[in-house]
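The values are calculated or read from the model by the stated rules, or taken from the named source; none is laboratory data. These figures come from a predicted structure and were not determined experimentally. FYI the Cβ positions are ideal-geometry reconstructions off the backbone, even for glycines, and counts take in every protein chain you see. For the accessible areas, the whole protein counts, side chains as well, though only heavy atoms, and no ligand, DNA or RNA atoms are used. Shrake-Rupley method; radii C 1.70, N 1.55, O 1.52, S 1.80 Å.
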Amino acid sequence: MKRYHLTTYGCQMNAHDSERIKGMLEKQGLSEAADQHDADVLIFNTCTIREKPDRKFAEHLAQAAALKRRHPGKVIAVGGCLAEAQKERLFELYPQVDVAFGPGSIPHLGEWVGSDGVAPRGRFGQWDSFAGDLPSHRERGFQAWVQVSMGCNSTCSYCIVPAVRGREQSRRPGDIVAEVAQLAREGVREITLLGQNVNSYGRDLLPDLRTDFGELLRACDAIDGIDRIRFTSPHPKDFRSPVIAAMAECAAVCEHAHLPLQSGSTRILKAMRRTYTRERYVALVAELRAGIPDLALGTDIIVGFPGETEADFQETLEVVEEVRFDSAFTFVYSPRKGTDAAEMEEQVPEDVKRQRIERLVDVVQRIARERNEQRIGRVEEVLVEGTSRNDEGELRGRTRRNTTVNFVGDAEPGSLVPVRIDAATSTTLRGVSAGAFAVGSARSSAAVA
Ligand code: 5AD
Ligand code: SF4
């Protein structure tokens, strides 16, 4: 039996694509190898959102190429966003690569490697559609990603994603609901709906299928056995009140939203083509918090976008102080070839970017720690994921608000347990198991302090 090894970079969408690459190959009779040495087919599912994942991939590929020189029978396949972005020059840039495919042409990999793990050289998969019906090889039986759309119709001037993942294409609502119902029958308790911009879900569907993301949340919420529904990522420009109402009214939809801010300066937001202002963003946060009590908010922020002045950066710090995010991913702007921002004059010097991100991280971490400290004394509902990363004797899970909790207790992965929180850092909580939840009390956390 031939074996494959898959390395994944990037976001949850890519991680989910990797589950389908695995599912597809296993259906064809290949099995997963523990490492590259044992594998006949070495696959890389790449990311190109910033320069860092590009560099990491180049290093890993060089190692794989060295292995291939010693064992010429091995096949190297490169998929994902970097492959799509470099499509024209990929085989020239990386002569060790046998076959390549983009996020929209995963099934081609299956056709090429067949069951014998031998692939024709120099083939690049042509754009198809998304691989909605490929089987998924999931790491955990109780959690699943469900793709609602692929591609993105936004034109953010810094971002390479629209170029590599194409125009937005929504999956049919019936197919999504059927998949969620099937997952529930298989024992899945938590789903994460995935799309580049979930809030514009449904707009591209034919009139008789047209729906919106709020309706989709309600349809998933109605499926028995699904205790938690998450989604990522929403674009602030399309976050409308029907979705907020659905979040508030659906018991399974978690009190958590990841709402990328990118910058607090309206001037920079305009240059980024985000199509909202600082004020509109802050007003949306107020509307979300009014509609969904105890909502946790995460965000993405970029520093050093071309033309960003100290005053613009100060505005970002002000919004962070004003909104008080529970978590934030912070990035140094990274020019991507083919995007408009990469061509802009006034690129910010590296040392200024570095200095700004350090200042931003300090503020973000202080606020996140303060937000987490407010949970001390409460009992939170935790979905157990496994043992703690630092201490095998403890368990690890996540609250509905998406915070990781390490706790003392005895419970099976996949179960929902109440945990009394007794300590907090900027990214995690600690606690002790507090007995068992009564059936049907899976909503939010109960304040006991
Ligand atoms: N440079 C830095 N960060 C970027 N992001 C997207 N493109 C870039 C870029 N060129 C960030 C945004 C986005 C997250 C997934 O990555 O914050 O929300
Ligand atoms: Fe995900 Fe964007 Fe990276 Fe592609 S480029 S894997 S969509 S983060």
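Summary table below
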read-out: Residue list for the range 176-199, restricted to those being out of contact with any His (no Cβ under 7 Å at 6 or more places or on another chain) and within 16 Å of ligand 2 (Cβ to nearest atom); value: T192, L193, G195, Q196, V198
read-out: Residues located in the range 140-175, provided they are more than 15 Å from ligand 2 (Cβ to nearest atom), among the charged types (D, E, K, R) and out of contact with any helix residue (DSSP H, G or I) (no Cβ under 8 Å at 6 or more places or on another chain); value: R140, R171, D175
read-out: Per-region count, the range 21-76, residues of a type in the set (V, I, T), over 25 Å from K337 (Cβ atoms) and away from ligand 2 (no atom under 16 Å from the Cβ); value: 2
read-out: Scope the range 297-323; condition within 20 Å of D340 (Cα to Cα) and of a type in the set (A, V, I, L, M, F, W, C); matching residues; value: I301, I302, V303, F305
read-out: Residues within the range 399-434 that are open to solvent by 50 Å² or more (accessible area, probe 1.4 Å) and of a type outside the set (S, T, N, Q), tallied; value: 8
read-out: Total residues in the range 152-185, condition among the basic types (K, R) and open to solvent by less than 50 Å² (accessible area, probe 1.4 Å); value: 2
read-out: Spans of helices (runs of 4 or more DSSP H) in the range 157-239 with at least 2 residues within 16 Å of ligand 1 (Cβ to nearest atom); value: 161-165
read-out: Test: residue in the range 123-137 that is within 16 Å of ligand 1 (Cβ to nearest atom) and either assigned to a helix (DSSP H, G or I) or open to solvent by 50 Å² or more (accessible area, probe 1.4 Å) (or both); value: no
read-out: Any hit, the range 48-63, residues being touching an Asp or Glu at 6+ places or on another chain (Cβ under 8 Å) and surrounded by 13 or more Cβ atoms within 10 Å (Cβ to Cβ); value: yes
read-out: Complete set of residues in the range 138-151 that are assigned to a loop (DSSP other than H, G, I, E, B) and either open to solvent by less than 20 Å² (accessible area, probe 1.4 Å) or of a type in the set (D, E) (or both); value: E139, V148, G151
read-out: Conditions (1) away from ligand 1 (no atom under 12 Å from the Cβ); (2) farther than 29 Å from N402 by Cα; (3) under 25 Å from the mean Cα position of the chain (by Cα); number of the one not met by V361; value: (2)
read-out: Considering residues of the range 87-103 that are crowded, with 22+ Cβ neighbours inside 10 Å and closer than 19 Å to C159 by Cα only, the residue farthest from ligand 1 (Cβ to nearest atom); value: G102
read-out: Qualifying positions in the range 21-50 - touching a helix residue (DSSP H, G or I) at 6+ places or on another chain (Cβ under 8 Å) and hydroxyl-bearing (S, T, Y); value: T46, T48
read-out: Some residue of the range 152-170 being at pLDDT 90 or above and within 27 Å of D227 (Cα to Cα); value: yes
read-out: Some residue of the range 11-20 being open to solvent by 60 Å² or more (accessible area, probe 1.4 Å), away from ligand 2 (no atom under 14 Å from the Cβ) and in contact (Cβ under 8 Å) with a residue 40 or more places away in the chain; value: no
read-out: Given (1) free of Cβ contacts under 8 Å to residues at least 12 places away in the same chain; (2) assigned by TED's automatic domain parsing to the domain that holds G29; (3) small (G, A, S), index of the condition A178 fails; value: (2)
read-out: Whichever residue in the range 65-84 is buried (at least 21 other Cβ atoms within 10 Å of the Cβ) and closer than 30 Å to V332 by Cβ and, among such residues, is modelled with the lowest pLDDT; value: E84
read-out: Residue within the range 186-203 that is open to solvent by 20 Å² or more (accessible area, probe 1.4 Å), aromatic (F, W, Y) and outside the structural domain of E26 (by TED's automatic domain parsing) present; value: no
